[in-house]
Amino acid sequence: MSVSPIQGIGVAPSGALGNELNSTVRRAFVPNLFVQIYFSSPNLFYLIGNAKKAAGGFNQITLPLQGQSMVQGGFTNYGGSFAQPQVIPAVQNAQFNLAYWTVGIPLPFGETIIQSTETVIPLLKARMNDAYAVTWQNFAQLVYTSASTTNSVYPDSYVNAFDNGTNYATYGGVNRLSAGNSFFKGQYINLGASPWSLTTGFTRATMSSFLTKVTDAAGGESPTFVVMNPADWATLNKDFIGTETLFLRPGMNGSMDTARNSSFPNLLVNNIPIFADHFCPVGQVFAVNTKYVSMYLSEDAAFDFSGFYSLVPLNQMAQQGVVVAGYNIVCAKPVSCCIGYNLGGNAF
């Protein structure tokens with residue numbers, strides 16, 4: 001960490017002259033804090049943009065599920081007879097609790113005094129912005145992990161939501177492997193095995209086949225989007241770049257200011273957008289149907305800040321506060337979504 005001005009470069013002298021200027025001249029700060037360490041997440045952006053509210057109560061997210069037909073039908077004859085109707089129980093609940101994320105914000109006494117006037121970057125403002133960034137990074141990463149299955153205070157994720165019972169038999173309190181509960185299985189496809197054997201990554205043709213399979217198994221409902229790691233996405237994008245065509249019309253002039261774009265910000269196969277997300281694990285692909293997948297945010301703790309409270313009762317002249325967010329990511333129909341794993345051929 002550099003704590004003193006750099007001397008001996010350009011017009012800045014070193015030695016005694018440099019020390020004299022160091023003692024008499026202020027550094028010329030750019031009044032901005034340039035953050036170096038965080039990543040964006042198109043997947044989380046989509047989830048937050050379509051988030052739903054969750055209230056209090058026990059099991060704050062309870063989803064009634066119909067897992068079989070509630071009536072039966074048949075053909076009739078000239079007399080119009082039909083079978084005696086039967087009452088068929090077909091509804092049960094999947095139940096989820098919110099997970100609560102907290103970020104503590106310190107405000108030391110010395111910092112308050114020192115930064116009251118001579119401030120370049122207000123550290124409190126930087127911390128508040130960082131609380132927002134740290135929160136999003138955490139949420140974006142947990143979407144693709146199984147943390148909730150090993151620690152009960154964590155939220156659910158795509159990993160246990162889209163599973164078919166191979167790794168996570170129970171989801172939302174419903175055991176997928178119990179008799180009559182197979183409807184709550186997601187799609188879990190080994191892309192490294194037959195008939196896929198995608199050791200060199202997706203092409204447009206194999207991605208189309210994969211999405212057709214996912215759509216068919218979901219009852220004809222196609223995913224809203226697909227998310228991949230950038231390394232896997234780049235391999236698929238390579239198959240698009242090889243078919244690019246630039247059209248030149250007679251009389252059309254080009255210059256240094258004429259753009260010639262190559263490649264694509266996102267890919268479209270079967271009319272389904274495919275995004276690259278840094279947090280998605282290499283070798284995995286997630287097909288998400290946002291008709292059934294939602295982020296639920298607590299209406300009582302939606303990134304709320306407590307305000308600052310004094311630490312004087314603890315014999316300390318300082319203050320602290322906390323940001324809290326209650327949320328969970330829940331899938332109401334796992335078969336509408338898919339996890340593909342063992343995808344090979346990542347570009348980097």
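What the table below lists for this structure:
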item: Hey, residue 293 surrounded by fewer than 16 Cβ atoms within 10 Å (Cβ to Cβ) and either more than 21 Å from residue 230 (Cβ to Cβ) or modelled with pLDDT under 95 (or both) or not; result: no
item: Criterion: in contact (Cβ under 8 Å) with a residue 40 or more places away in the chain and either more than 22 Å from residue 68 (Cα to Cα) or of a type outside the set (Phe, Trp, Tyr) (or both) - qualifying residue of 167, 181, 151, 160; result: 181
item: Subset tally (residues that are assigned to a strand (DSSP E or B) and either surrounded by 13 or more Cβ atoms within 10 Å (Cβ to Cβ) or of a type outside the set (Gly, Ala, Ser) (or both)) for the range 296-329; result: 18
item: Residue satisfying condition, being of a type in the set (Gly, Ala, Ser), closer than 30 Å to residue 63 by Cβ, part of a loop (DSSP other than H, G, I, E, B) and touching a Gly at 6+ places or on another chain (Cβ under 7 Å), within set 180, 219; result: 180
item: Matching residues, the range 311-333, being more than 17 Å from the chain's Cα centre (by Cα) and touching a residue at least 12 places away in the same chain (Cβ under 8 Å); result: 316, 317, 318, 319, 320, 321, 322, 323, 324, 332, 333
item: Qualifying position, being among the aromatic types (Phe, Trp, Tyr) and out of contact with any strand residue (DSSP E or B) (no Cβ under 9 Å at 6 or more places or on another chain), among 188, 168, 154, 158; result: 168
item: Residue that is surrounded by the most Cβ atoms within 10 Å (Cβ to Cβ), among those in the range 91-119 that are over 26 Å from residue 297 (Cβ atoms) and in contact with a Leu (Cβ under 8 Å, 6 or more places away or on another chain); result: 107
item: Residues satisfying the stated conditions in the range 1-39, i.e. over 42 Å from the mean Cα position of the chain (by Cα) and within 16 Å of residue 121 (Cα to Cα); result: 26
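Results for (1) free of Cβ contacts under 8 Å to residues at least 60 places away in the same chain; (2) more than 30 Å from residue 4 (Cβ to Cβ); (3) surrounded by 10 or more Cβ atoms within 10 Å (Cβ to Cβ), shown as yes or no for each residue.
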| site | (1), (2), (3) |
| --- | --- |
| 36 | yes, no, no |
| 52 | no, yes, yes |
| 82 | yes, yes, yes |
| 86 | yes, yes, no |
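The values are calculated or read from the model by the stated rules, or taken from the named source; none is laboratory data. A quick note: this is a predicted structure, and the numbers were derived from the prediction, not measured. In this analysis, Cβ positions are derived from the backbone assuming ideal geometry, glycine residues included, and neighbour counts consider all displayed protein chains.
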